[in-house]
Amino acid sequence: MAEIVNLRQLRKLKARGAKDQAAEQNRALHGRTKAEKQRDTQTADAARTRLDSHRIERNKADSGRGGR
């Protein structure tokens, strides 16, 4: 015979699992030390600065030529 299942308990178990998963993601995102946050900020700033330094600035006069 099939096992009898209480649907209310299963629904609560599923909700609890989703809540635990969200808590895990929040711990990974927000549960960092101050030094880790500063390191990540510095790394992102360095990457942004490097990208901006390699950007090619074009004049309005040049934008009509070259076919691009």
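Straight Cα distances below 17 angstrom link Lys14 to the aspartates and glutamates Glu24, with same-chain residues fewer than 8 positions distant left out. Computed from point charges on the beta carbon alone (+1 for Lys and Arg, -1 for Asp and Glu), the dipole magnitude for the chain about its Cα centre is near 200 Debye. Of all aspartates and glutamates in the structure, those lying under 17 Å Cα to Cα from Lys34, and not within fewer than 8 positions of it along the same chain, are Asp45. Gyration tensor over the Cα atoms of the chain: the corresponding equivalent ellipsoid has semi-axes (square roots of 5 times the eigenvalues, largest first) of 53, 23, 7 Å.
Shown here for the range 1-46: trypsin sites (Lys or Arg not before Pro) in loop regions (DSSP other than H, G, I, E, B) with at most 11 other Cβ atoms within 10 Å, of which there are none. From the residues Thr41, Asn26, Leu13, which one has its Cα farthest along the dipole of the chain in the positive direction, the dipole being from +1 and -1 charges on Cβ of Lys/Arg and Asp/Glu about the Cα centre? It is Leu13.
Relative to the longest principal axis of the Cα atoms of the chain, helix 7-30 runs at roughly 30 degrees.
Can you give the extra length, in nm with one decimal, that the chain gains between Leu10 and Thr33 once fully stretched, where that is 0.36 nm per residue apart less the Cα-Cα distance? Could you put the intermediate results ahead of the total?
On the way: separation 23, 0.36 × 23 = 8.28 nm, distance 3.69 nm.
Contour length minus the Cα-Cα distance gives 4.6 nm.
All of the numbers you see were taken from the coordinates with simple rules; none came from a lab. Treat the numbers as computed from the prediction; the structure is a model and nothing was measured. Cβ: placed from backbone, ideal geometry, glycine included. Neighbour counts: every protein chain shown.
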